[in-house]
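Trainee: Below is a structure I'd like to ask you about.
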Amino acid sequence: MPKLKEECGVFGIYSHVEASNLTYLGLHALQHRGQESAGIVTSDGVNLHNHRAMGLVSDIFTEEILSHLTGQNAIGHVRYSTTGSSQAKNMQPIVINYFRGALAIAHNGNLTNARTLREELEADGAIFQSTTDTEVIVHLIAKSKEETLLQRIIEALVKCKGAYSLLFLTPEAMVAARDPYGFRPLVMGKLGDSIVFASETCAFDLIEAEFIREIEPGEIVVVNENGVESFKPFGESKHAYCVFEYIYFARPDSFLTGRNVYQVRRALGRQLAIEQPADADIIVAVPDSGVPAAMGFSEESGLPLELGLLRSHYVGRTFIEPQQSIRNFGVRLKLNAIKEVLDGKRVVIVDDSIVRGTTSRKIVKMIRAAGAKEVHMRISSPPTKFSCYYGIDTPLKEELIANSLDIDEIRKYITSDSLGYLTLEGVMKAVDDTKKLNGESFCNACFSGKYPVELTDLKKTKQKQLGLFGG
Ligand code: SF4
């Protein structure tokens, strides 16, 4: 059940006769990372061609549109807005023509000093066309006096703080870059002689590309007619892979840091059953994202997993609500409880997270209305108490239920008989159980409030507010 919004997904392919078609398929596999808009830019060696629109990948791109996207190199993007509202002007990839030629950029992440950089650039005369932080990177590159594209990208990225997994395309080259902390994933593969990049490995599976490796945190990879070259211009820093990618965002068939997401989620469920057991008859998953953790919970507890909640996969963006209002219509449209499974049972419901609590409350009510005797909510992550500033669209922390209520107060609000969250240590144990932690470190700021990269813009806003009030 989606509660937090995913961020964005990127895909790129260098040197393939079907570049635009394969990018279309790659984006299709990454659709879970963003459903608001999508775009593809191709290069024919001289010019860039692009098409972007609001909506889903399969609705936007027709055979005819793809046939106009000529050339053997392409990058694509699916977007859910993290900064910049969800408007057509913020669609990606961004394409510019500056005095050195054409450049396209696709970004997954969020810069924590974008507003500060933007103010500096605007003071210097820059005119922005969108409200995205990605455009800041474009301006920094265009402004650079450095000789090569690589040098200009490095000069720009050195100024950027926060999370970025980026793909650049020029008529001659493709460049992939990942921030020194590695917040958002980025992987490299090959398809015959072609090089491919994607946010997640599931995009490679669809086009039968072979996974080579992850782009390392702080690495820049340049692909051009001379081959593939790797650079590490930022020096070493502690990594901060987003742990929420395992819990909820990434697709279960993807691999992140060498771990299969499905297996991590299943391990999270097993650990949850150890930490938060429940005296119950059946386990029910909140589909789809809660399913692997529920399987793990069932495995560890020995309680049977039942299909007590069914999810409709055909909920459109707009629907007509009947005049006579139906209670909890939004949730009912997506989920339905199976009475025959739940009636008279003590039920454990497994979900991956609770954000505002409103959906969980509706689910508990739905399960009870189907006849459940007891409802025990189990969550395969710690309480989400803090907002994410690294590319995930979370509500303000004041809107996160766990920011203001303790666990028993949350339980009362969602009206369950019991409520249990996994500990942060439990999350890391599940990651380690799936594949030994090899000195890797993860971001867990939305649970702990410990932000690995300074929140420059936020700090400035707070200082300004203090100035206003104190002034
Ligand atoms: Fe991931 Fe949470 Fe860190 Fe954001 S704050 S990068 S969602 S772990």
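The values are calculated or read from the model by the stated rules, or taken from the named source; none is laboratory data. In this text, all values refer to a predicted model and were calculated from it rather than measured experimentally. With ideal geometry, Cβ positions are generated from the backbone for all residues, glycine too; neighbour counts draw on all protein chains shown. All accessible areas refer to the heavy atoms of the entire protein, side chains included, with ligands and DNA or RNA removed. Shrake-Rupley method; radii C 1.70, N 1.55, O 1.52, S 1.80 Å.
Trainee: What is the Cα convex hull volume of region 1-66 when expressed per residue in Å³?
Mentor: So the per-residue Cα hull volume is 86 Å³.
Trainee: Which value, in debye to the nearest 20, gives the size of the charge dipole of region 64-217 about its Cα centre, when Lys and Arg are +1 and Asp and Glu are -1 at the Cβ?
Mentor: About 360 debye.
Trainee: At 7 Å along the Cα-to-beta-carbon direction for both Lys412 and Ser237, put a label point, then send me their distance in nm to one decimal.
Mentor: Distance between the two pseudo-spin positions: 4.3 nm.
Trainee: Cross-link list Lys143/Lys459; Lys159/Lys429; Lys397/Lys436; Lys334/Lys412; Lys145/Lys238: which exceed 28 angstrom alpha carbon to alpha carbon?
Mentor: Violating the 28 Å Cα-Cα cut-off are Lys159/Lys429; Lys397/Lys436; Lys145/Lys238.
Trainee: Within region 364-400, which residues have the backbone N less than 19 Å from the label spot 7 Å out from Asp343 along Cα→beta-carbon, could you tell me?
Mentor: 365-375
Trainee: A follow-up question, please. Quick check on region 8-240: of the DSSP beta bridges with both residues there, what percent are antiparallel, nearest 5%?
Mentor: Around 100 percent of the beta bridges assigned by DSSP in region 8-240 are antiparallel ones.
Trainee: Further question on the same structure: Please give the Cα centre distance for region 73-140 versus region 258-278, rounded to the nearest Å.
Mentor: 38
Trainee: Within straight cross-link reach of Lys161, meaning Cα distance under 16 Å, which aspartates and glutamates are found once same-chain residues fewer than 8 apart are removed?
Mentor: Output for Lys161: Glu119, Glu120, Asp133, Glu135, Asp179, Glu219, Glu236, Glu454, Asp457.
Trainee: I would also like to ask the following. So if R0 is 60 Å, what FRET efficiency would Ile326 and Lys436 give, r being the distance between their Cβ atoms, rounded to the nearest 0.05?
Mentor: 0.75
Trainee: I need the Debye-formula profile for region 8-240: one equal scatterer per C-alpha, no solvent, reported as log10 I(q)/I(0) at q = 0.08, 0.09, 0.15 1/Å, two decimals.
Mentor: Values returned for q = 0.08, 0.09, 0.15 Å⁻¹ are -0.24, -0.31, -0.93.
Trainee: I'd like the accessible area for His139: 1.4 Å probe, protein heavy atoms, all chains in place, Å² to the nearest 10.
Mentor: Its heavy atoms expose roughly 40 Å² to the probe.
Trainee: If you don't mind, another one. Stick to the Cα atoms of the chain, pair each with every other, and give me the Kirkwood hydrodynamic radius in Å at one decimal.
Mentor: With all distinct Cα pairs of the chain included, I get 23.2 Å.
Trainee: Add +1 for every Lys or Arg and -1 for every Asp or Glu among the other residues with Cβ under 13 Å from the Cβ of Pro252, and state the total.
Mentor: In short, -2.
Trainee: Another one. For region 319-431, state the average projected area of the convex hull of the C-alpha atoms over all orientations, rounded to one decimal in nm².
Mentor: It is 9.1 nm².
Trainee: Another question, if that's okay. Say a paramagnetic label sat at a point 7 Å from the Cα of Glu155, along Cα to Cβ; which residues of region 98-122 have their backbone N under 19 Å from it?
Mentor: 98-105, 117-122
Trainee: Any chance you could run the full-extension gain for Arg100 through Asp253? It's 0.36 nm times the residue separation minus the Cα-Cα distance, nm to one decimal.
Mentor: In short, 51.0 nm is gained.
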